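Only the coordinates and a few stated rules stand behind these numbers; no lab work does. Here the structure is a predicted model, which means the values were calculated and not measured. FYI the Cβ positions are ideal-geometry reconstructions off the backbone, even for glycines, and counts take in every protein chain you see.
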Amino acid sequence: MKGDWVEIVVDVGGSATRTYEVAATRAGRRVEIGNRRGVVEVSEVTRTGTTVRTARFMANRVLALVEHPVLDEGAGHPDDGAGGRD
């Protein structure tokens, strides 16, 4: 659903981490998460199942994977101006 987004926190070596975000950017799209063969895959997918974009990370480097579902029609990613978390 538009507004759903996933945060991925990845260990990039030493004491450094990097945060990535994948969001459902249009109506009818959703974010899917898969863990296959040591790789975490986060994809934005259309209603028909076509993958729009994919982010892949080595599973042993992923520190956190946080899903942020849309609670209602007016809420969304905090950076899109449509409400969101406080």
| note | What the Cα atoms of segment 5-68 span along the principal axes, largest first and in whole Å, is 40, 23, 15
| note | 1/(1 + (r/R0)^6) with r = Cβ-Cβ of N60 and A27, R0 = 35 Å, i.e. FRET efficiency to nearest 0.05, evaluates to 0.45
| Taking the Cβ of Y20 as the center, what net charge do the other residues with Cβ under 12 Å away carry, scoring Lys and Arg +1 and Asp and Glu -1? | +2
| remark: Plugging the Cβ-Cβ distance of T51 and S15 into 1/(1 + (r/R0)^6) at R0 = 25 Å yields, to the nearest 0.05, a FRET efficiency of 0.15
